[in-house]
1. Considering every residue within region 152-164, establish whether at least one is touching a strand residue (DSSP E or B) at 6+ places or on another chain (Cβ under 6 Å) and in a loop (DSSP other than H, G, I, E, B).
2. Hey, can you tell me all the residues within region 359-380 that are crowded, with 16+ Cβ neighbours inside 10 Å and closer than 27 Å to residue 412 by Cα?
3. Filter region 256-292 down to residues that are at positive phi and either in contact (Cβ under 8 Å) with a residue 40 or more places away in the chain or within 21 Å of the chain's Cα centre (by Cα) (or both), then give me how many there are.
4. Which members of region 46-61 meet the condition of being over 23 Å from the mean Cα position of the chain (by Cα) and buried (at least 19 other Cβ atoms within 10 Å of the Cβ)?
5. Restricting attention to region 366-392, which residues are in contact (Cβ under 8 Å) with a residue 40 or more places away in the chain and touching a strand residue (DSSP E or B) at 6+ places or on another chain (Cβ under 6 Å)?
6. Criterion first (surrounded by fewer than 17 Cβ atoms within 10 Å (Cβ to Cβ), out of contact with any helix residue (DSSP H, G or I) (no Cβ under 8 Å at 6 or more places or on another chain), on the phi < 0 side of the Ramachandran plot and modelled with pLDDT of 95 or more) does residue 323 satisfy it?
7. Do you know which residues across region 77-109 are in contact with a helix residue (DSSP H, G or I) (Cβ under 8 Å, 6 or more places away or on another chain) and assigned to a strand (DSSP E or B)?
8. Across region 110-137, which residue is surrounded by the fewest Cβ atoms within 10 Å (Cβ to Cβ) among those that are in contact with a strand residue (DSSP E or B) (Cβ under 8 Å, 6 or more places away or on another chain) and either modelled with pLDDT under 95 or not in a strand (DSSP E or B) (or both)?
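The values are calculated or read from the model by the stated rules, or taken from the named source; none is laboratory data. Please read all numbers here as calculations on a predicted model, not as lab measurements. All Cβ positions, glycine included, derive from the backbone under ideal geometry; neighbour counts span all protein chains shown.
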C-alpha cells in the first residue's frame, strides 16, 4: 500500500496554509488586529485503531491497524483567531483494501495512508456574528446532510466561507459557501474517490427556539465539478425542515427529532428525479438507562441508479448501521426501522463516562418494498483522563441487499 507524500500539499493546500500562517504571524507581531494579548493554543489529538472486517464473497478478511495524528496551533487575540492543523495517517498493519490501491481481494476499510493539511482558517468572533474562512471542519445539526466524517481517520473538511449570526434572541442563521470539499481519501485519492471535489456548495440553515424545541429550515445545494465522481450525478438541491426538542417526563428525560426534506437533481446532473426524506426519532433517559427508537426513510424515485435520496457530504457512519451498507442509497431507497438500549455511568472506579449500548436495525427498500437485511450494533466505551477507549461491533445479516458482513473495532483516542 503506497503513499505519495509528494502530493500532500496541492495549490489549494498552500494557499489556505499561507493565509492562516500570515495571520498567525500578524497576530504574533502585534498588528492592529492583535492589539490585545495573544493567546496561543496547541492542537494535538491522536487515534490508534484496529479494525477487522469479514465479508461474504471475499476470500480473506481485512485486518487494519492504523494510527492518526493531528497537530497544529491556534492563535487568539480579541475577536480574531487563526488556526493551522495538519494530519497524518499511517497503516501499521495493512491487510485491507483502502479503496485506492488494488487488488480489492479484502474488504474495504476507508482509512488510506495520508499526510495532508487538515485545517487552515481565519475566524472573527463576536456575540452576534462568527465568520470563518479557509479550510474548516463543518458539522451541521446531526451531520445527516453535512458532516466532518470524524469516525474515519482522515475526516472531511471544506474550503469555504461560513457566517453564523445570532443577532436576534432565539434565532440563529448559518450560511456557508464552499468551493471544495476535501474527502477522506487523502492525497492519493483518484477517480470516483477523489482527494478533493471542487464545485459550488451552498449550505443554509435558519433555526428558531420555541417551547417545543428548535425549529429549523434548511437548504443544501451541491453542485460538483468532477465528472469522475459519478458523472455529476451527486449534484442535488435539498430543502427541508427539522424539529429537535427535549422535555422532562416525571423523573425521565425525553428527546425527540422530526425531519422532512425533498431532494431533486441540480445543475449538470443528467438524471431527472425527485425523492423525499423522513425521520422520526425519540429517546427516553431514566436513571442511567437510554431507550431509543426511530424510523428513517431515504426515498426513491423510479428505481434508477442514483435517483434515490443521496447525501454525499454526510457523516454516514452515524446512521443506518455501522456496517456502512447504505453510504450510497440504493436505487429503490431505504427504510430503516431501529431501536437502541444503553446504560451509562458518570464514573466507575478510575473511569469516567462509561457507556454500554446496543442497537438493532431492520432495513427495507422504499420502492417495491422488500426486506434488505438486519443489523446489530454493540458499543462499550470509557474515558480515562485524556484518553477514550472503545470496543465496537457491527453485524449485518443480508436478505436481498449486499452480503453478510461483520466488523470489529478496538480504538483509543487521546487529545489535549
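1. Taking region 152-164 as the starting set, the residues that turn out to be touching a strand residue (DSSP E or B) at 6+ places or on another chain (Cβ under 6 Å) are 153-154, 157-164.
With in a loop (DSSP other than H, G, I, E, B) added as a condition, the list becomes 153-154.
Among the residues of region 152-164, at least one is touching a strand residue (DSSP E or B) at 6+ places or on another chain (Cβ under 6 Å) and in a loop (DSSP other than H, G, I, E, B), which makes the answer yes.
2. Within region 359-380, 359, 361, 375, 376, 377, 379 meet the criteria.
3. Looking only at region 256-292, we keep the residues that are at positive phi, and these are 267, 287-288.
Still in the list and also either in contact (Cβ under 8 Å) with a residue 40 or more places away in the chain or within 21 Å of the chain's Cα centre (by Cα) (or both): 267, 288.
Number satisfying all stated conditions: 2.
4. 55 - this is the single residue of region 46-61 that is over 23 Å from the mean Cα position of the chain (by Cα) and buried (at least 19 other Cβ atoms within 10 Å of the Cβ).
5. 366, 372, 373, 375, 377, 392
6. Numbers: surrounded by fewer than 17 Cβ atoms within 10 Å (Cβ to Cβ): no; out of contact with any helix residue (DSSP H, G or I) (no Cβ under 8 Å at 6 or more places or on another chain): yes; on the phi < 0 side of the Ramachandran plot: yes; modelled with pLDDT of 95 or more: yes.
No: the conditions fail for residue 323.
7. Filtering region 77-109 down to residues in contact with a helix residue (DSSP H, G or I) (Cβ under 8 Å, 6 or more places away or on another chain) leaves 77-78, 80, 82-84, 89, 100-101.
Correct list: 77, 80, 82, 83, 84, 89.
8. Here the residue is 128.
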